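Down below is the structure, laid out as C-alpha cells.
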Protein chains: 4
Amino acid sequence: MQQESDKAMGTPQQHPQPRRSDTRRRIQQVALELFAEQGYEKTSLREIAERLDVTKAALYYHFKTKEDILSSVAEDLAQPLRDLIAWAEAQPHSLATKQELLRRYSDILWSSVDLFRFIQENQATVRELTVGENFRTSMKALGELIKDPAAPIAAQVRSVTALFAMHAGMFVTQNVEGDPEEKRAAILEVALDLVAQAEAEASILTG
Amino acid sequence: MQQESDKAMGTPQQHPQPRRSDTRRRIQQVALELFAEQGYEKTSLREIAERLDVTKAALYYHFKTKEDILSSVAEDLAQPLRDLIAWAEAQPHSLATKQELLRRYSDILWSSVDLFRFIQENQATVRELTVGENFRTSMKALGELIKDPAAPIAAQVRSVTALFAMHAGMFVTQNVEGDPEEKRAAILEVALDLVAQAEAEASILTG
Amino acid sequence: MQQESDKAMGTPQQHPQPRRSDTRRRIQQVALELFAEQGYEKTSLREIAERLDVTKAALYYHFKTKEDILSSVAEDLAQPLRDLIAWAEAQPHSLATKQELLRRYSDILWSSVDLFRFIQENQATVRELTVGENFRTSMKALGELIKDPAAPIAAQVRSVTALFAMHAGMFVTQNVEGDPEEKRAAILEVALDLVAQAEAEASILTG
Amino acid sequence: MQQESDKAMGTPQQHPQPRRSDTRRRIQQVALELFAEQGYEKTSLREIAERLDVTKAALYYHFKTKEDILSSVAEDLAQPLRDLIAWAEAQPHSLATKQELLRRYSDILWSSVDLFRFIQENQATVRELTVGENFRTSMKALGELIKDPAAPIAAQVRSVTALFAMHAGMFVTQNVEGDPEEKRAAILEVALDLVAQAEAEASILTG
DNA sequence: GATGAATGAGGCTTCATTCAT
DNA sequence: CATGAATGAAGCCTCATTCAT
C-alpha cells in the first residue's frame, strides 16, 4: 500500500516509470460524481467499483475507508478555504478585505462546485465526518472574518447573508434565465452589496 | 389499522374518552427528532422503535414504510407552504405582496424549524422522496412569485436571495449573539430590504 | 367463538335470526380464490382480510389459524373423495367398478376444480399440512383400487396413469381447442380406455 | 465476484490448479435439495447458508437473489428441454419423431428428477418466476409438437396425456412395486402406446 | 361479531470491510 | 496492483398470531 504517501511529488520521475496508475484519481472522480448525484450514504463502494470496472477490494488498496475517499476528494475545497482564511486573517479587517474575501470565496466555490454541492446536500451525513467538521470550522471562521461583532445585529446578519447568498446562488439560479457567468457575477454583486450595506449600517451608529 | 386516516377531529371530544392510543403521534415526534439529529438514512426504524419502547412491527402498524413516516411528518410544513403559495397567487404581484409573502414564509419556517432544518440537511436523500419533490416544487413556486422575470438578472438574484437568506438565517445565526426573536426579526428585515432593492433596481430601467 | 360448530344446520332457523352472518363463507371463498391464484404461502391473511374489507382479527374469530381456513375449504374435496373410496371398497374389483370409479372421480374433480388445482400446484407446501396428508392418503387408496397388484408392471402403470391423466387433463387442455364439456368427455374416455387396456393386458397372462 | 459468468472451461486445466472454490456448486446442490424437500418459499437462505456452514452474505457473493439460485439450478433442465424442442422442430412431424421425442424427454426428466419434482410441486410459487415461465413455455411447445391440431379431440388429449403420463409416472410409481428401471420403461411404453393410438385414431378419419 | 393495537420471529438483501493470494 | 471469497452487522419489511375491548 501507499495510501497518504503521495502528496506533492511535483516533478515527474525521470525514468519513465510506466506511468503511475491513475486509478486513484479515477476513484476520486467517480466517487465524487456518485456522491454528488445520489448522496454519500446511498452510494455504495460496490457502485463505485462497478463504474470503474474494478473490484471493491481495489478501492481498499487505494483508500483505507469509504470516508477516506471522501476526505481525499474534499481536500480540493478544504485546502483553498484554509488558505483563504489564513490570507484574510493577515489583512486589515476593512471593507475592501471583506469584499476581496467574497470574490475569492466565489472563485473557490465555483472551482469545486460539485463538491460544494455535495457537502451542502449531505450536511446531516457529513456532520460527523472529518470533512464536515472541517467545513463547519471554515465557515465559522469566514463568518467571524466578514462580520463585525460590535455592529448591530441586522448588520451582522447582512454580512453573514452575503456569504450564504453565494451558496444559495449556486443552486437556485437554475430557475433564473441567463448566461451562467452573468449569473455568477450577479450573485457576487449582491453579496458585495450586502457587506457594503452592513458596513454602512454599522458606521452610522459608531460614526 | 388506520394509516393515513387521521380522522381530523377538530374540537376535542366532550367525554374525554382517552382511548385511541397516541402512539402514532409519538412515532412522528420521535422520528422527526432522530431524523433531524442524525439524518434520515442514519436513523433506523429499530432506533425509533427502541426509543418508544415498542417493536419495529408496531411502527408498521401505523405507517406503511419508513418514507411514510417522514411524509406524514412533513405535512406540517408542506400544507402551510401550499396554502401560502395559493394565497400569493391570488394577490397582485406587488412589492407589498412579496413582502407579506416573506413575513408569512418566515412564520412558517420558524413554526417547523426542526423539520425544515432536516430537509435542508438531507437534501440529497430527500431528493428522490415525495417529500423532497414537494418541497422543491414549493420552492420553485415561491421563487416565481417573488422575482420578476422581466427584471435584470441582478434584481432577480436579489429577490431569490431574500428567500434563501431566511433559510440560511435559521442555521447561521447560531454564531451571532443576541436574543433569538431579535435575530429572527433582523433576518426578516434583511430579506424585506432585498426585495425592496430588487424592485427599485427593476423600476429604474422600466420606469 | 363458534369455530367448527356449524356443520350442517340444514333447515333455516324459524325465528328469523337476522340471517347468520355469511362472513365465514365469504372468507372461505376469497381465501380459495387467492390461494389458487397466488399459492398458499404467498397469500397473506392481510390480503384476504383486505379483500373482504374486514380486519385480520376478524378472520381469527371465524378460524383458529390460516391452515384452518384451508382445511375447512378443502373439505369440499376431501369428503366426496372419502365417500368415493368407501363406495369403491364395497364393490367387486371389476373393470366396471374401476370405470365407474373414474367417472365419479371425474365428477368430483370438476366440481372442485379450483381447489384441486390449488392442491396440485401447492403440493410442496400442502405436504405437511393436514390437507395434503389427507389428499395423499386418498390418492393412494384410489391407486390401490384401480390397479391390480398381481398384474404386470406395465398394466399397473397404465391403470395409475388413468387416474393422473384426469389430473393433467384439467390443466393442459387449455391448449387444446374445443368445447370444455367435450374435452372433459375426451379426457374421461382416454382414462376409461387405459384401465380397459390394463385389464386386457393382465388377463392375457393370467388367462 | 463472478455471478453469471461461469467461464465455461470445457477441458480440464492441465496444471490441476485446485483454486476456484466450489462454493457456488455446493450452494446449488444444497439449495436444490432443500427446495425439493421443503418447497421454495419454506426454504430460507439462512437454512441454505447454515447447511453449508457459510454466512448468508456468502450466498450473495455467488448469486444476486434467491431466485437467481433457483434459476441457475434450473438450467440443468431448461437447456436440455430447449435443445429437445429445437431438435423436434427440425424433424418431420411423424409418429417416429413423436416417439423419439418421448424417449428423449424421458431421459431428460430422469436426469433431473429432483429438479423436475420440485417444479411440479411448486408450480404456484414458480409460476411468476422466470423458471416457471420458461418451463411453461417448453411444455406448451412440446404439446404442440406431439399433438396434431387437426386430429379429433380425443386423439389430441391422448397425445398430451402421453407427455403427462411421464410426469405422473415419476411420482406415483412409488406405490407400484418393482425395479425402478423396469418401472421407467413401463411408463415410457404406456406413453409410446398413447401417441401411437392417437395417430391411429386420427388416420382412421383422414385416411 | 368484530376491531385496534401490538408482538416476536423471521424473511431477503446490502453494506463496509478483511485477507490470503 | 489488484482479485476472489467471504464475513458480521444491520437494514427494511411482512407475517401469523394474540388479546383487551
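Pick out which of D:Ala49, D:Ala124, D:Ala162 has the largest mean-square fluctuation in a Gaussian network model of chain D, springs linking Cα atoms closer than 10 Å.
Among D:Ala49, D:Ala124, D:Ala162, the largest GNM mean-square fluctuation belongs to D:Ala124.
Which whole-Hz ³J(HN,Hα) couplings does the range A:128-138 yield from phi under the Karplus relation 6.51 cos²θ - 1.76 cosθ + 1.60, θ = phi - 60°, glycine and proline marked x?
Result, rounded to whole Hz: 9, 9, 3, 3, x, 4, 4, 5, 4, 4, 4.
Determine the calculated [θ] at 222 nm for chain B from helices alone, applying -39500 (n - 2.57) to every DSSP H run no shorter than 4 residues and normalising by the residue count; nearest 500 deg cm²/dmol.
-23500 deg cm²/dmol
Would you kindly give the portion of the calculated P(r) for the range B:141-198 that falls above 19 Å, as a percent of all Cα pairs? Don't skip to the end; give the middle numbers.
Working: 524 of 1653 pairs.
Percentage above 19 Å: 32.
For the range A:49-165, what does the alpha-carbon gyration tensor say about shape, rounded, prolate or oblate, given a ≥ b ≥ c as the root eigenvalues, a/c under 1.5 as rounded, and a/b over b/c as prolate?
Judged from the Cα gyration tensor, the range A:49-165 comes out prolate (a/c at least 1.5, a/b above b/c).
At D:Ala57, with labels set 7 Å past Cα in the Cβ direction, how many nm apart are the copies from this one, shortest first?
Going from nearest to farthest copy, the values are 1.5, 2.7, 4.1 nm.
Mind checking which of C:Phe135, C:Ser72, C:Ile153 is farthest towards the positive end of chain C's charge dipole, using Cβ charges of +1 (Lys, Arg) and -1 (Asp, Glu) about the Cα centre?
Of the listed residues, the answer is C:Ser72.
What do the square roots of 5 times the Cα gyration tensor eigenvalues come to for the range A:135-174, in whole Å, largest first, as semi-axes of the equivalent ellipsoid?
Gyration-tensor ellipsoid for the range A:135-174: 21, 14, 5 Å.
In nm, to one decimal, how far is the A:Ala58 label point from the C:Tyr60 one, both placed 7 Å along Cα→Cβ?
My value for the distance between the label points is 5.4 nm.
Give the average over all directions of the projected area of the C-alpha convex hull of the range C:60-129, one decimal, in nm².
5.7
Which is farthest toward the positive dipole end of the range A:10-138 among A:Ser94, A:Ala57, A:Leu34, measuring Cα position about the Cα centre, with Cβ charges +1 (Lys, Arg) and -1 (Asp, Glu)?
It is A:Ala57.
Label 7 Å along Cα→Cβ of B:Glu33; the range B:61-77 residues with amide nitrogen under 18 Å?
Label zone hits: B:69-70, B:73-74.
Only Cα pairs within less than 10 Å get springs; with that Gaussian network setup on chain D, which residue of D:Gly178, D:Gly169, D:Gly132 has the largest fluctuation?
Largest GNM mean-square fluctuation: D:Gly178.
So if R0 is 56 Å, what FRET efficiency would C:Ile204 and A:Asp76 give, r being the distance between their Cβ atoms, rounded to the nearest 0.05?
The value I calculate is 0.05.
Determine the principal axes of the Cα atoms in the protein assembly as shown, then give the extent along each, sorted from largest to smallest and rounded to whole angstroms.
Taking the Cα atoms of the protein assembly as shown, the three principal extents are 132, 94, 51 Å.
Quote the charge dipole size of the range C:45-182 about the Cα centre in Debye, to the nearest 20; the model charges only the Cβ of Lys and Arg (+1) and of Asp and Glu (-1).
It works out to roughly 460 debye.
If the reach is capped at under 24 angstrom between alpha carbons, list the lysines near C:Lys42, excluding any in the same chain fewer than eight residues apart.
Cα-Cα hits under 24 Å: B:Lys56, B:Lys64, B:Lys66, C:Lys56, C:Lys64, C:Lys66, D:Lys42, D:Lys56, D:Lys64, D:Lys66.
Relative to the present Cα-Cα distance, how much length would full extension add between C:Leu95 and C:Lys140 at 0.36 nm per residue of separation?
14.3 nm
By a straight-distance test (C-alpha under 24 Å), which lysines pair with D:Lys140 as possible cross-link partners, with residues fewer than eight away in the same chain excluded?
C:Lys183, D:Lys98
Residue of A with Cβ nearest the axis relating A to B, plus distance in whole Å?
A:Glu41, 2
Please report, for D:Asp22, the nm distances (one decimal) from its label point, 7 Å out from Cα along the beta-carbon direction, to the equivalent points in the remaining copies, shortest first.
Going from nearest to farthest copy, the values are 4.5, 6.2, 6.5 nm.
With the label 7 angstrom out along Cα to Cβ, how close does D:Asp114 come to the same site in each of the other copies, in nm, nearest first?
3.7, 5.0, 5.6
Translational diffusion coefficient of chain C at 25 °C, 0.890 mPa s, Stokes-Einstein with Kirkwood Rh over Cα pairs, in µm²/s as a whole number.
Result for D is 128 µm²/s.
Could you give the longest part of chain C that holds none of the GluC sites (Glu not before Pro) found in DSSP loops with at most 13 neighbouring Cβ atoms within 10 Å?
C:5-127
Would you mind computing, in nm to one decimal, how far apart the modelled labels at C:Ala150 and B:Asp107 are, each placed 7 Å from Cα along Cα→Cβ?
Going from the C:Ala150 label point to the B:Asp107 one covers 10.1 nm.
Laboratory data are not the source of any read-out in this text; all were calculated from the coordinates shown. All of these numbers come straight from a predicted model, not from anything done at the bench. Cβ sites come from the backbone with ideal geometry, for glycine too, and all protein chains shown count toward neighbours.
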